[in-house]
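Comments concern the structure below.
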Amino acid sequence: MNPQFSAFIRIRIFLPLLCFLLILSSCTKSSIKNDAPLEIEGLTFEKSLPLKYAKIFRIDEYRPIESSDSDRAFASSVYRLITVADSDRYLLIPEKAPLPKNLPPEIILIQYPVKKTYLCASSAMALWTRLDSLDAIRFSAIQKKDWYIEEAALAMEEGRILYAGKYNAPDFELLLKEKCSLAIESTMIYHAPQIKEKLESLGIPVFVDKSSYEPNPLGRMEWIKLYGAMLGKEREAESFFQKKISALTTAVDSPSFPHPDAGISPKIAFFYITPNGLVVIRGKDDYIVKMIEMAGGTYAFASTRKSTSPSVTISMEQFYAQCADADILIYNSSIDNSVHFLKDLCAKSPLFAEFKAVQGGSVWATGKYLYQATDRIGDMILDLKAIISGDDRSPEFLLRVE
């Protein structure tokens, strides 16, 4: 990171009051409005990146206004302003390019292509892997044993990616020693605002990944375009996204896949059992629920109360009353990996023996990779469609429990 840029970052530290306001604003899942692009002194707006499903971020491209010989040297440089949830703004500045003047204080500056990144948002790892950019990640907030992305686990085993502590307890000494230039956090960082403030005070810009706020599951996958912009790999990101979406052509112009039996929409429950016998289901606005609906299913808990958490805990009796007649049960083995056979499920509660799906052999379990596979959300939807419609596709994320 060049000294001028580093010094500029250190000056632009949010005051505690602004941090508090940021935490409050993060509680609202705001989609991007189609407002006029921000005017930036010394730059001229060129275009906005077209997005198909993503609603939470926007990328605007700018080029320098030539006013001197030094400006002409960077005339072809592209500056990108990323706006996330209508509240967070990040300006991507080409390496060695001049800093714009009189920027609003809330804009965070990030030099790109990014290097020596501290990755705390696990959902981003798969997208960076697809962009062949693990070399831009130097630090992980997740230990090797907890990565189900083979490339990430191997990179940590070989020492190419270092464990630098959890998001709420980073190894600041290691980050400084290795010259970390960017921290990518999940929204969990809002529970530890002092960590965000400390990173910024050390000259490390913090980007908060809010892909979990996307209303459409495919919008999460489209965040590969945002990271492509950070990495200078826009074409690769667009190519990957279009390739994945081509497998979902039917879903592009329709809110759901057509079911072969018109008018029939199987009732599906997605859940796991806690050690004390309670059942954890997904809230009606969760992206797993949206994928079930896109695949042509009906979520068993469509009327679930809203919750700040994507999960809702209910009693086994409540679950039985709502799901005994469900056509398909999907056990969330990415959280609890103890169900391999139907007898394992029935051992958790004798009530399961009376479930329609258990008696009919329509019980499935997810793999451990589920929540880290942001790059394969389209494949997950196709898996769900396969078990709903009974087509010949062999599911990759779901295993039948027999």
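The values are calculated or read from the model by the stated rules, or taken from the named source; none is laboratory data. Here the structure is a predicted model, which is why all the values come from computation and not from measurement. FYI the Cβ positions are ideal-geometry reconstructions off the backbone, even for glycines, and counts take in every protein chain you see. Accessible surface is based on the protein model in full, side chains and every heavy atom, while ligands, DNA and RNA are left aside. Shrake-Rupley method; radii C 1.70, N 1.55, O 1.52, S 1.80 Å.
Numbers at a glance
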read-out	value
Ranked order, Glu236, Glu61 - accessible area, probe 1.4 Å, largest first	Glu236, Glu61
Label-point separation, Lys144 to Lys52 (7 Å along Cα→Cβ), nm	3.8
Segment Ala324-Tyr371, length gained on full extension (0.36 nm per residue, minus Cα span)	14.3 nm
Label point distance in nm, Asp35-Ala302, each placed 7 Å from Cα along Cα→Cβ	3.6
Selection of chymotrypsin sites (Phe, Trp or Tyr not before Pro), the stretch 368-402, meeting DSSP coil and at most 11 other Cβ within 10 Å	none
Over 25 Å (Cα to Cα) - which of Lys166/Lys210; Lys101/Lys233; Lys115/Lys177; Lys290/Lys356 fall in this group	Lys101/Lys233
Accessible area of the stretch 148-197 belonging to carbon and sulfur atoms, whole % at 1.4 Å probe	52
Solvent-accessible area of Thr44 with every protein chain in place, 1.4 Å probe, in Å² to the nearest 10	60
Potential extension, Ser311-Asn337 segment - 0.36 nm per residue separation minus Cα distance	7.6 nm
Average accessible surface area per residue within the stretch 326-402, 1.4 Å rolling probe, Å²	42
Long-range HN-HN contacts of Asp171 with modeled amide H, under 5 Å	Gly165
Efficiency of FRET from Cβ geometry, Gln242 and Thr274, R₀ 41 Å, rounded to 0.05	0.50
Summed side-chain charge close to Leu38 - residues other than Leu38 whose Cβ falls under 10 Å, Lys, Arg +1, Asp, Glu -1	-2
Proximal charge balance of Thr366 [Cβ under 15 Å; K/R count +1, D/E count -1]	-2
DSSP-loop trypsin sites (Lys or Arg not before Pro) across the stretch 280-381, with at most 11 other Cβ within 10 angstrom	Arg305, Lys306
Residue-span extension gain [Leu399 to Lys166] - 0.36 nm each, minus C-alpha spacing	80.7 nm
Accessible surface ranking that places the most exposed of Cys346, Cys180 first, with a 1.4 angstrom probe	Cys346, Cys180
Under-5 Å amide H pairs with Ser140, H placed in peptide plane, nonlocal only	Leu119, Leu162, Tyr163, Ala164
Which of Asp35, Asp86, Asp383 is most accessible, then next, and so on - probe 1.4 Å	Asp35, Asp86, Asp383
Of the trypsin sites (Lys or Arg not before Pro) in the stretch 108-170, those whose Cβ has at most 14 other Cβ within 10 Å and which sit in DSSP loop	Arg160
